[in-house]
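Just below is one structure, and these are the notes that go with it.
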Amino acid sequence: MDEKRGFNRWAVENSDKAVVSCADAKEEGAILDMSVSGMRVSLHKPLDVGSVVYGQFNVLDFPYYVRGKVNRLMEIHGEWEVAIAFEKVSSVPLNA
């Protein structure tokens, strides 16, 4: 099977977290992997595919803020694996 990803993905440590917000919901989850175009996070609650989300995470103790869209959702052992495609990445907070 051919690889369809346009960018390499980096696995991250289990302790790396992202805060993801959508509408009025806000939740912290574990980052599963990340690339320059998006990330996968494990959350306790599902998000709607196609919804716009805002996120915040740290890289080398430096905060990054993202806006993106949920493009895939999968339930695994009671947790939700959410794939988010980045639309904007910034080092300053984005307006939600």
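Suppose the filter is in contact (Cβ under 8 Å) with a residue 40 or more places away in the chain and small (Gly, Ala, Ser); does residue 35 pass it? Even if it seems obvious, please write down each step before you answer.
Numbers: in contact (Cβ under 8 Å) with a residue 40 or more places away in the chain: no; small (Gly, Ala, Ser): yes.
In short, no.
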Selected residue (criterion: surrounded by the most Cβ atoms within 10 Å (Cβ to Cβ)) from residues of the stretch 51-83 that are touching a residue at least 40 places away in the same chain (Cβ under 8 Å) and under 11 Å from residue 20 (Cβ atoms): 82
From 49, 66, residue being assigned to a loop (DSSP other than H, G, I, E, B), in contact with a Lys or Arg (Cβ under 9 Å, 6 or more places away or on another chain) and modelled with pLDDT of 90 or more: 49
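Going through the stretch 16-43 one residue at a time, which ones are among the acidic types (Asp, Glu) and within 14 Å of residue 59 (Cβ to Cβ)? If you could, list the steps in order and put the result at the bottom.
Start the filter on the stretch 16-43 by keeping residues that are among the acidic types (Asp, Glu), which leaves 16, 24, 27-28, 33.
Scanning the stretch 16-43 gives 16, 33.
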Test result for residue 74, more than 12 Å from the chain's Cα centre (by Cα), part of a strand (DSSP E or B) and of a type in the set (A, V, I, L, M, F, W, C): yes
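The values are calculated or read from the model by the stated rules, or taken from the named source; none is laboratory data. Just so we're clear, the structure is a prediction, and the values are computed from it rather than from any experiment. Backbone-built Cβ (ideal geometry, glycine too); neighbour counts: all protein chains shown.
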